[in-house]
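Structure, as structure tokens:
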Amino acid sequence: MKKIAKKIIKWAVHTKMLSFLRSSVVTILRDANLAIVRYDDAERSKVFDIIRKVKKENEMLLSDNEAYQVFMAVKRTKKINGDIAEVGSYRGGSAKLICEAMGNKTLHLFDTFEGLPGLSQHDNPKQFQKGNYSASLEDVKSYLRKYQNVHFYKGLFPTTADPIKNNDFSFVHLDLDLHKATLESLDFFYPRMNKGGVILSHDYISAPGVRKAFDNFFKDKPEPIIEMSGTQCLIVKL
Ligand SMILES: C[S@@+](CC[C@H](N)C(=O)[O-])C[C@H]1O[C@@H](n2cnc3c(N)ncnc32)[C@H](O)[C@@H]1O
């Protein structure tokens, strides 16, 4: 029964006969201010298959379209020289997406693996509490074991950043929820980004501390902060 339902959904998503109906649904959702993801071409539907798989395997805190932005930003910045880093890996869900997209690049993953540190005055205590999102480093290592060139750093960023202080970067994913760690990550990575490299952050729209960190940091920089359709923002290093 499940198999037949899956086949019907696949047919409904891909068939040309229903393309008018699909675009009407997209228009209605867009007008209602709901996030849209479109599945109707081969490259995108393949990415969404990966996202669905990761979500089945693990708790990942990105919406489908946010996960899609991460995947595509990694894929499209492969031509920029430099490594990839993620600060705020939690259980490794978003890191797995990066692994799937990055080819033979090197990925550096940072987390306390003990959850969020203390909040500052810029963070919303109703939204986040100290210790939220604690995860096991060993579990994340095991989850990502099939990927080459992945390095793990446990502890409070940026105190753990010393081993990569001489590296440069093509893509950095920040998912830290809080003001201080986001600001310190921007301080660390911005000068190490290669031209055309991307810093993408979760929660720019939804977490006041993250937004403030970006807005203050980029006040005197030439890069515009580009808001995305979910809660993310990104900058492209000029
Ligand atoms: C929302 S979770 C990340 C979710 C993950 N990216 C995903 O999509 O599944 C936020 C993570 O940031 C980590 N974190 C926050 N501040 C940190 C800091 N200063 N150093 C290292 N990790 C930090 C927390 O431990 C937590 O695992």
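Scanning the range 109-158 for residues that are on the phi > 0 side of the Ramachandran plot and surrounded by fewer than 17 Cβ atoms within 10 Å (Cβ to Cβ) returns GLY115, GLY131, ASN149, GLY155. Just one of (1) closer than 24 Å to PRO208 by Cβ; (2) away from the ligand (no atom under 12 Å from the Cβ) fails for GLU138. It is (1).
Could you say whether any residue in the range 111-126 is within 16 Å of SER94 (Cα to Cα), more than 8 Å from the ligand (Cβ to nearest atom), outside any loop (DSSP other than H, G, I, E, B) and within 19 Å of the chain's Cα centre (by Cα)? No, there is no match, as no residue in the range 111-126 is within 16 Å of SER94 (Cα to Cα), more than 8 Å from the ligand (Cβ to nearest atom), outside any loop (DSSP other than H, G, I, E, B) and within 19 Å of the chain's Cα centre (by Cα).
I need every pair where a residue in the range 89-114 that is among the charged types (D, E, K, R) has its Cβ under 6 Å from the Cβ of a residue that is open to solvent by 30 Å² or more (accessible area, probe 1.4 Å) and more than 6 Å from the ligand (Cβ to nearest atom), sequence separation at least 6 or different chains. If the second residue must be open to solvent by 30 Å² or more (accessible area, probe 1.4 Å) and more than 6 Å from the ligand (Cβ to nearest atom), the pairs left are ARG91/GLU59; GLU100/ILE50; GLU114/SER134. For the structure I just gave you, tell me whether GLY115 is over 28 Å from LYS237 (Cα atoms), of a type outside the set (S, T, N, Q) and touching a Gly at 6+ places or on another chain (Cβ under 9 Å). Considered against the rule, which asks whether it is over 28 Å from LYS237 (Cα atoms), of a type outside the set (S, T, N, Q) and touching a Gly at 6+ places or on another chain (Cβ under 9 Å), GLY115 comes out as yes. Candidates ILE199, ILE205: the one that is under 25 Å from LYS55 (Cβ atoms), within 19 Å of the chain's Cα centre (by Cα) and surrounded by 18 or more Cβ atoms within 10 Å (Cβ to Cβ) is ILE199. Filtered by the rule that a residue be open to solvent by 30 Å² or more (accessible area, probe 1.4 Å) and in contact with a helix residue (DSSP H, G or I) (Cβ under 6 Å, 6 or more places away or on another chain), the range 69-90 gives a lone residue, LYS75. Of the numbered conditions (1) within 12 Å of the ligand (Cβ to nearest atom); (2) closer than 14 Å to VAL236 by Cα, GLU57 satisfies every one except a single condition; which is it? Here GLU57 meets the rest and fails (2). Pairs are defined by a Cβ separation below 7 Å, a sequence spacing of at least 6 or placement on different chains, a first member in the range 172-185 that is more than 8 Å from the ligand (Cβ to nearest atom), and a second member that is open to solvent by 10 Å² or more (accessible area, probe 1.4 Å) and hydroxyl-bearing (Ser, Thr, Tyr); the pairs so defined are HIS179/SER120. Would you check if GLU66 is open to solvent by 50 Å² or more (accessible area, probe 1.4 Å) and modelled with pLDDT of 90 or more? In short, no.
For the range 205-224, check the following and say yes or no: at least one residue is of a type outside the set (Lys, Arg) and part of a strand (DSSP E or B). Checking the range 205-224: not a single residue is of a type outside the set (Lys, Arg) and part of a strand (DSSP E or B). Can you pull out the residues in the range 44-59 that are open to solvent by 70 Å² or more (accessible area, probe 1.4 Å) and either part of a helix (DSSP H, G or I) or in contact with a helix residue (DSSP H, G or I) (Cβ under 6 Å, 6 or more places away or on another chain) (or both)? Selection gives ARG44, LYS46, ASP49, ARG52, LYS53, LYS55, LYS56, GLU57. Test LYS16 against the criterion of being farther than 21 Å from THR231 by Cβ, modelled with pLDDT of 90 or more and loosely packed, with under 13 Cβ neighbours inside 10 Å, and give yes or no. The answer is no for LYS16.
With respect to the stated conditions, ASP139 fails to be more than 30 Å from ARG52 (Cβ to Cβ) and assigned to a helix (DSSP H, G or I).
The values are calculated or read from the model by the stated rules, or taken from the named source; none is laboratory data. From a predicted model like this one, the values you see are computed outputs, not experimental measurements. Glycine gets a Cβ as well: all are built from the backbone with ideal geometry, and neighbour counts include every protein chain shown. Ligands, DNA and RNA are stripped out before the accessible areas are found, and what is left, the full protein with its side chains, is counted by its heavy atoms. Shrake-Rupley method; radii C 1.70, N 1.55, O 1.52, S 1.80 Å.
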